[in-house]
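The values are calculated or read from the model by the stated rules, or taken from the named source; none is laboratory data. Owing to the predicted nature of the structure, the values given are computational and were not obtained by experimental measurement. Cβ sites come from the backbone with ideal geometry, for glycine too, and all protein chains shown count toward neighbours. Side chains are part of the model used for accessible areas, which takes the heavy atoms of the whole protein and leaves out ligands, DNA and RNA. Shrake-Rupley method; radii C 1.70, N 1.55, O 1.52, S 1.80 Å.
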Amino acid sequence: MLKKILIIIVIIGAAAGAYVAYLYFQPHRDVQASKVDVVITVKDLVAEYKASADSANAKYLAANGESKIFAVSGKIAEITENSNKEKVVTLREEGKEIGVACTFTAEASKDPATQKLKAGDMITVKGAIASGPDFDPDLPTDATMRDCALKPTKK
């Protein structure tokens, strides 16, 4: 009896280990090679979340990590760098507290066009939305996008 229980535990452990390995080694989505799902301005995105965060989250965010890919246009409020040396470009309307913080990929952060960006520039950024803004009066938080790069302008 003990031998059967031990065999069952080993089989369950092996199955769980195989599933974890399957999830870990799945290829990551290439956001920049994917098509844009939503073209929007910072003003409209923030307004949509302010009107109903729940419906905007349901519309744009996915539990499996395959959230919508955006092309967001707006004015640069600030440019910082995270601990991975990736550019974080915050787009925000003039005089507003909340906007969109776009974390660029390592490759896009080194791009000469990205290096030339400065506060006040109007740009369009392509990336995957990671979270909506939080309108908490004590600690307002920007919406966040990941795997971002400048979206080239059509000539």
Give the range of the longest stretch in the chain that excludes all GluC sites (Glu not before Pro) found in loop regions by DSSP and having at most 12 other beta-carbon atoms within 10 Å.
-> 1-65
Carbon and sulfur together cover what percent of the accessible area of the chain at a 1.4 Å probe radius?
-> 58 percent
Heavy-atom surface of the range 79-155, accessible at 1.4 Å and reported per residue (Å²) = 60 Å²
Of LYS96/LYS151; LYS50/LYS85; LYS50/LYS110; LYS50/LYS116; LYS59/LYS87, those spanning more than 29 Å from alpha-carbon to alpha-carbon | LYS50/LYS85; LYS50/LYS110; LYS50/LYS116
Two-site label geometry, ASP136 and ASN64: point separation in nm, points 7 Å out along Cα→Cβ = 3.1 nm
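Given all pairs of different Cα atoms, what value in angstroms does the Kirkwood hydrodynamic radius of the chain take?
Every distinct Cα pair counted, the radius reaches 17.5 Å.
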DSSP-loop trypsin sites (Lys or Arg not before Pro) across the range 11-55, with at most 11 other Cβ within 10 angstrom = LYS35
By the DSSP-based rule, helices of the chain that are at least 20 Å long along the axis (C-alpha) and have a mean Kyte score of at least 0.5 are 2-24
Roughly what % of DSSP beta bridges within the chain run antiparallel, to the nearest 5?
-> 75 percent
Rounded to two decimals, the Debye log10 I(q)/I(0) of the range 76-155 (Cα scatterers, no solvent) at q = 0.11, 0.15, 0.16, 0.23 Å⁻¹ is -0.27, -0.50, -0.57, -1.12
Roll a 1.4 Å probe over the protein chains and send me the accessible area per residue for the range 26-71 in Å².
-> 62 Å²
